[in-house]
1. List the residue pairs whose Cβ atoms are under 9 Å apart, where the first residue sits in the range 26-37 and is without any contact (Cβ under 8 Å) to a residue 12 or more places away in the chain, the second is of a type in the set (S, T, Y) and exposed (fewer than 15 other Cβ atoms within 10 Å of the Cβ), and the two are 6 or more positions apart or on different chains.
2. Going through L24, L40 one at a time, which residue ends up being of a type in the set (A, V, I, L, M, F, W, C), within 21 Å of the chain's Cα centre (by Cα) and part of a strand (DSSP E or B)?
3. Say we look at the range 92-116 and pick out the residues that are in contact with a Ser or Thr (Cβ under 8 Å, 6 or more places away or on another chain) and under 13 Å from F157 (Cα atoms); which of these is modelled with the lowest pLDDT?
4. Just for the range 93-111: of the residues that are in contact with an Asp or Glu (Cβ under 8 Å, 6 or more places away or on another chain) and assigned to a helix (DSSP H, G or I), which one is surrounded by the fewest Cβ atoms within 10 Å (Cβ to Cβ)?
5. Looking at the range 140-153, I want the residues that are assigned to a strand (DSSP E or B) and have a partner that is at pLDDT 95 or above and basic (K, R) with Cβ atoms under 7 Å, at least 6 apart or on another chain. Which pairs are those?
6. Count, please, the residues in the range 112-138 that happen to be surrounded by fewer than 22 Cβ atoms within 10 Å (Cβ to Cβ) and assigned to a helix (DSSP H, G or I).
7. Within the range 57-69, identify whether any single residue is in contact (Cβ under 8 Å) with a residue 12 or more places away in the chain, under 30 Å from A30 (Cα atoms) and not in a helix (DSSP H, G or I), and answer yes or no.
8. Consider R11 carefully, then state whether it is basic (K, R), in contact (Cβ under 8 Å) with a residue 24 or more places away in the chain, within 22 Å of A197 (Cβ to Cβ) and in contact with a strand residue (DSSP E or B) (Cβ under 7 Å, 6 or more places away or on another chain).
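The values are calculated or read from the model by the stated rules, or taken from the named source; none is laboratory data. Please read these numbers as outputs of a predicted model, since none were measured by experiment. FYI the Cβ positions are ideal-geometry reconstructions off the backbone, even for glycines, and counts take in every protein chain you see.
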Amino acid sequence: MKALDVRDLGRIGYPEAFALQKELVARRIAEQIPDTLLLLEHPPVITMGKSAADEDILVEKSVLEAAGATVHRINRGGEATYHGPGQLVGYVIIHLYEKERALRSFIRNLEEVFIRVLSEYRVDADRDEAHRGVWVQDEKITAIGIAVSQRVTMHGFAFNVSTDLSHFGWIVPCGIRDRGQTSLERLLGRSVPMVEAKKTVTTAFIDVFGYTST
């Protein structure tokens, strides 16, 4: 079994986290570090993937500025995604030759992590073959977006723990106009401490991908 380095970064700005990802990807390509999972929260931010259009942002710039939200175009696949407090973001720096040779299998395993996490809370969740991520009926609870450089992944997942769901109204989330968003807190009708969510996600991640933790 391979070791996984899990790092809890707390709340960190998007540019700082992106710079760290790039540094770790280069080090993973050079085999200087093991596979790594970064767990964190962001201040309000909209990320625009390769398929995102300017029209995917539905509110005026002044609305975003008033909320302290920023916008960043990035190199992952997909459209617009929102990140913010109460959302557990995980960036995965993993060499595919060691875990999954097919990116599709890797993404399915990421989805499986959250299907298992939600089952721990007695929430039935599943995939939607037409839309990447994890869903509770017709509402998304976990978004997934990955980029790959020399077979090393970056970016990852965004799990709505206690996210302000109204902020998804700022965008067309992942290009999907006819579905909603939900959170663990909303589904359970109670708060879930972020430290608890991180522990549950880490346990499921290690189990699904067959790691030991460092």
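1. These pairs meet every condition: A26/S149.
2. Step by step, each of L24, L40 is checked, and only L40 is of a type in the set (A, V, I, L, M, F, W, C), within 21 Å of the chain's Cα centre (by Cα) and part of a strand (DSSP E or B).
3. Ranking the qualifying residues of the range 92-116, first place goes to F106.
4. First, the residues of the range 93-111 that are in contact with an Asp or Glu (Cβ under 8 Å, 6 or more places away or on another chain): 93-95, 98-99, 106, 109.
Right, trim to assigned to a helix (DSSP H, G or I) and you get 98-99, 106, 109.
On the way: E98: 12, K99: 18, F106: 19, N109: 15.
Going through the qualifying residues, I end up with E98.
5. V152/R28
6. 5
7. No; the residues of the range 57-69 include none that is in contact (Cβ under 8 Å) with a residue 12 or more places away in the chain, under 30 Å from A30 (Cα atoms) and not in a helix (DSSP H, G or I).
8. Answer is yes for this residue.
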